[in-house]
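Working notes, structure below.
Computed from the coordinates by the stated procedures, all read-outs in this text should not be read as laboratory data. Predicted model, so just to flag it, every value in this text is computed and none were measured. Cβ placement follows ideal geometry from the backbone for every residue including glycine, while neighbour counts extend to all protein chains displayed.
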Amino acid sequence: ASRCERGAVELASAELRFETSSDGVPRDVLTKGEVPMMRIVAELMIAANAAVAEKIAGLAPGFGGRAFVRRHPPPRPEGFDELAGLMKRAGVSLDASNGVALASSLASAVKAASDKAASRTITDDTRSDDTRSDTDTNDRRRSTRAVAAATDALFRGVATRAMSEARYCVTSGREDESSHYGLALTLYTHFTSPIRRYADVVVHRQLMDAVALDGDRDEKSAPGTHGDEKSA
């Protein structure tokens, strides 16, 4: 919730699965379904990655002055021309000046399209005779929801194409060189998947160095200890 309030943008990220025949020929493309727990796990992974990024950036001077992070620069304004045109047809003006404004524009466009679909449904119901069944009414309601879902997927898909590419970089923690636009985070890195990304392995090594450095500092600052004290 706090990320969304700061301007995190939820964009299209459907995971596709290909259905093939017995001889390996593709027959269909299916979208992998999402359950609520998947969103919770994703948020926990983002929180873990952000916490590690802050840790290694905060102690970076102790191991070379640079932390390995994931940067996502703001999108290019001209990249939103197609999205602006689509939203104009829905009666909404696109504001992509920051993440909060973009998220608000996307929500407004989806609502406008849903309202138009609902209005058409109400008009059709008014014009219909009394013989229409409850099944017809339910079908129209499902159609309205389908329009909203399709519009949401369309707008967010186009917005995704307008985004800049995220890149790995080394940083001393300055916001202008290490922030993540899409997640609305000052610092972010990849830490949670070392079995499939070498970048995460690098971050694991930096985190171990940072934790060790932290431990050394705590030991030296503990009461009754001195860095130059020799054991008896």
* Structure fact -> Under the Karplus relation with 6.51, -1.76 and 1.60 and θ = phi - 60°, whole-Hz ³J(HN,Hα) for the range 99-106, x at Gly and Pro, equal x, 4, 5, 5, 4, 5, 5, 4
* **Protection-proxy order for peptides 69-75, 193-199, 44-50, each taking the mean of Cβ atoms within 10 Å per residue, highest first** => 69-75, 44-50, 193-199
* Formal net charge of residues neighbouring residue 191 (Cβ-Cβ distance under 14 Å; K, R +1; D, E -1) -> +2
